[in-house]
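S.K.: Got a structure for you, written out below as structure tokens; questions coming shortly.
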There are 2 protein chains.
Amino acid sequence: MKKLIICLELLFLTGMLSAQAPKFIRLLPPNTDRGISVMKALSLRSSTTDWDTAGLILQDLSDLAWSANGMNRRETGKRTAPSALNAQDIDLYILLKSGIYIYDAAEHLLNLVAEGDFRDLAAGSQPEAAQAPVICLMVSDISRFNAGEEDQRLEWAAIDAGTVSQNIALFCASEGFATRPRVTMDKGNLRKILKLKDSQYLILNNPVSYNKVTDN
Amino acid sequence: MKKLIICLELLFLTGMLSAQAPKFIRLLPPNTDRGISVMKALSLRSSTTDWDTAGLILQDLSDLAWSANGMNRRETGKRTAPSALNAQDIDLYILLKSGIYIYDAAEHLLNLVAEGDFRDLAAGSQPEAAQAPVICLMVSDISRFNAGEEDQRLEWAAIDAGTVSQNIALFCASEGFATRPRVTMDKGNLRKILKLKDSQYLILNNPVSYNKVTDN
């Protein structure tokens, strides 16, 4: 029965069961009992270019989003990733086969932004990255910083995206998943699809997949 | 006996035993059997402004440097933190009471750069940060990127510093240590003391201390 549920989740998330992408995906609470230690994960941390195509089950997708930039202190709304001036400038977009979602950390759910498969835009000039079932996209809204000139704000945005990306990398290392931080993407078309404001900058993306099992 | 060694290490590292800073500090191999899981560390990750003044024992200092940007794949020289184009642009400076050291990841040792206590320069306009026994300072040398215009290189440098900083944050969370990513510092005077080239940029620093035990 559990296997069936997982299988249905997988079909659902990869958009194979339904022609329409769901308007939102309610995520499961973080499972803090899983995975290996920080030190062991650091010893295994690496970047891959070899992606498995299977969709992530809902618990894995949920823990990926929470690890990246989830709320870890509900009383203050603070997050797993720090941000300059606690501006929480980074929005995490999740690209699935069915559509692009934005992560609502307070509600711990994904809200649909655009229906359809746009992973090729995040892959940019490296089309193999679009094979990953999930691409995490870090977008900073620098208007959320209440200080600093534009140059300074862009530096903070890049630092903050780097911290979110490394949360993803260490979550993946702790679970044996594949990922890689990438600046390559089709920013022009992604801006249009995501309807970004001028103050929003596409900084980084991390495709994520299960570890590909090879014959050799 | 072990306590005596730890105590001597502590006195040595904080510069209380010797008037002279050692020319290098040979670090201990990473202890990957310590600490809590990535998911648990993410649930506890936070930034502090309350620093304990006790020096770190050598194993903690060693694992801090290795976590931040150590070599985790000796065969390729790759690191715990990714970098754009694998340029390994980030140099990790470690400020102790006795002096400023640069981390040599290949040899896993700290080499003396400047004798003396310069933690106040890294603390900048927030002098309380100088109370931390260790300040990790992330400096990017953007001349190591073999592509990109200066604007792009500066963005990569900030992303790469963010990933190193988050490694520090998660190591600290896994051990119950205190840290905080900070862009505040006296860059002008640090540049002079560290004799930085024009292509080297001071991006971020993370003071690190044991968790302060308070009475309340």
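S.K.: In a solvent-free Debye calculation with one equal scatterer on each Cα, what is log10 I(q)/I(0) for the protein assembly as shown at q = 0.09, 0.14 Å⁻¹, listed in the order of the q values?
M.R.: -0.54, -1.27
S.K.: A further question on this structure: If the only charges are +1 at each Lys and Arg Cβ and -1 at each Asp and Glu Cβ, what is the size of the charge dipole of segment A:61-136 around the Cα centre, to the nearest 20 debye? Before the final figure, lay out each step's value.
M.R.: Working: 6 positive and 10 negative charges, 56 e Å.
So the magnitude is around 260 debye.
S.K.: Would you mind working out the magnitude of the charge dipole of segment A:2-210 relative to its Cα centre, with +1 at each Lys and Arg C-beta and -1 at each Asp and Glu C-beta, to the nearest 20 Debye?
M.R.: 380
S.K.: With chain B treated as a Gaussian network of Cα nodes joined by springs under 10 Å, which of B:152, B:59, B:88 yields the largest mean-square fluctuation?
M.R.: Checking each option, the largest mean-square fluctuation is seen for B:152.
S.K.: To the nearest Å, what is the center-to-center distance of segment A:48-68 and segment A:138-201, using C-alpha atoms only?
M.R.: Spelled out, the Cα-based centre of one part sits 18 Å from the other.
S.K.: Once the label point is set 7 Å along the Cα-to-beta-carbon vector, what list of distances in nm do you get between residue A:197 and its counterparts in the other copies?
M.R.: When each copy's label point is compared with this one, the spacings are 4.1 nm.
S.K.: Counting each DSSP H run of 4 or more residues in the protein assembly as shown as -39500 (n - 2.57), what helix-only mean residue ellipticity at 222 nm follows after dividing by all residues, to the nearest 500 deg cm²/dmol? Before the final figure, lay out each step's value.
M.R.: Values: 12 runs with 140 residues, N = 432.
The helix-only estimate for the protein assembly as shown comes to -10000 deg cm²/dmol at 222 nm.
S.K.: Given a 1.4 angstrom probe, what's the average accessible area per residue across the protein assembly as shown, in square angstrom?
M.R.: Working: 18420 Å² over 432 residues.
Per-residue value: 43 Å².
S.K.: Based on Cβ point charges of +1 for Lys and Arg and -1 for Asp and Glu, what charge dipole magnitude is obtained for segment A:121-185 about its Cα centre, in debye rounded to the nearest 20? It would help to have the intermediate numbers written out before the result.
M.R.: Values: 4 positive and 8 negative charges, 48 e Å.
Using Cβ point charges on Lys, Arg, Asp and Glu, segment A:121-185 gives about 220 debye.
S.K.: Further, regarding this structure: Got a sec? Charge dipole of segment A:2-210, +1 on Cβ for Lys and Arg, -1 for Asp and Glu; which of A:181, A:43, A:206 is way out at the positive end?
M.R.: Checked the options; the winner is A:43.
S.K.: Here's another thing I want to ask about it. For residue A:35, what is the net charge nearby, where nearby means another residue's Cβ is under 12 Å from its Cβ and Lys, Arg count +1, Asp, Glu -1?
M.R.: Working: positive: A:34, A:40, B:40; negative: A:33, A:60, A:63, A:175.
Local net charge: -1.
S.K.: Moving on to the next point. Using the 7 Å Cα-to-Cβ label point, sort the distances from residue A:28 to its equivalents in the other copies shortest first and give them in nm to one decimal.
M.R.: 3.9
S.K.: For segment B:124-137, in order, what is each residue's ³J(HN,Hα) by Karplus, 6.51 cos²θ - 1.76 cosθ + 1.60 with θ = phi - 60°, in whole Hz (x at glycine and Pro)?
M.R.: After applying 6.51 cos²θ - 1.76 cosθ + 1.60, I find x, 7, 10, x, 4, 5, 6, 6, 4, x, 9, 10, 8, 10 Hz.
S.K.: Starting from a label point 7 Å past Cα on the Cβ side, list the distances from residue A:184 to the same position in the other copies, nm, shortest first.
M.R.: For residue A:184, the other copies' label points sit at 4.1 nm, shortest first.
S.K.: What FRET efficiency would be calculated for the residue pair residue A:50, residue B:20, taking the C-beta separation as r and a Förster radius of 51 Å, to the nearest 0.05?
M.R.: After rounding, the FRET efficiency stands at 0.50.
S.K.: Still on this structure, I have one more. Given a Förster distance of 22 angstrom, what is the FRET efficiency for residue B:33 paired with residue B:211, based on the Cβ-Cβ distance and rounded to 0.05? Please report the intermediate quantities before stating the final value.
M.R.: Numbers: r = 21 Å, r/R0 = 0.94.
Efficiency, rounded to the nearest 0.05: 0.60.
S.K.: With a sphere of radius 11 Å drawn around the Cβ of residue B:129, what net charge do the other residues whose Cβ falls strictly inside it have (Lys, Arg +1; Asp, Glu -1)? Numbers along the way, then the final one.
M.R.: Working: positive: B:119, B:180, B:182; negative: B:50, B:120, B:128.
In short, 0.
S.K.: With a bin width of 10 angstrom, please list the P(r) values of segment A:13-116 as percents of all Cα-Cα pairs, from the 0 bin to the one holding the largest distance.
M.R.: Values per bin, smallest distances first: 13, 40, 36, 11, 0.
S.K.: What area, in nm² and to one decimal, does the C-alpha convex hull of segment A:59-216 cast on average over all directions?
M.R.: Projected over every direction and averaged, the Cα hull of segment A:59-216 covers 9.7 nm².
S.K.: Among chain B residues, which Cβ is nearest the axis of the B-onto-A rotation, and at how many Å?
M.R.: Measuring from each Cβ to the axis, the minimum is at B:162, 1.
S.K.: Could you give the longest part of chain A that holds none of the trypsin sites (Lys or Arg not before Pro) found in DSSP loops with at most 16 neighbouring Cβ atoms within 10 Å?
M.R.: A:75-194
S.K.: Which longest run of chain B has no exposed loop site in it, a site being GluC sites (Glu not before Pro) in a DSSP loop with at most 12 other beta carbons within 10 Å, and the site itself not part of the run?
M.R.: The reported range is B:1-74.
S.K.: While we're here: What residues qualify as long-range amide H neighbours of residue B:114, i.e. H under 5 Å apart, gap of 5 or more or another chain, H built at 1.01 Å from N?
M.R.: Close amide H contacts, sequence-distant or interchain: B:100.
S.K.: Checking buried surface per residue: for segment A:182-198, which residues lose a minimum of 30 Å² accessible area in the protein assembly relative to the chain alone (1.4 Å probe)?
M.R.: Correct list: A:183.
S.K.: Here's a follow-up. If we count every other residue with Cβ under 10 angstrom of residue A:212's Cβ, Lys/Arg +1 and Asp/Glu -1, where does the sum land?
M.R.: Values: positive: none; negative: A:50, A:52.
Neighbour charge sum, excluding residue A:212 itself: -2.
The values are calculated or read from the model by the stated rules, or taken from the named source; none is laboratory data. Keep in mind that this is a model prediction, so the values were computed, not measured. Neighbour counts run over all protein chains shown; Cβ positions are idealised from the backbone, glycine included. Accessible surface is based on the protein model in full, side chains and every heavy atom, while ligands, DNA and RNA are left aside. Shrake-Rupley method; radii C 1.70, N 1.55, O 1.52, S 1.80 Å.
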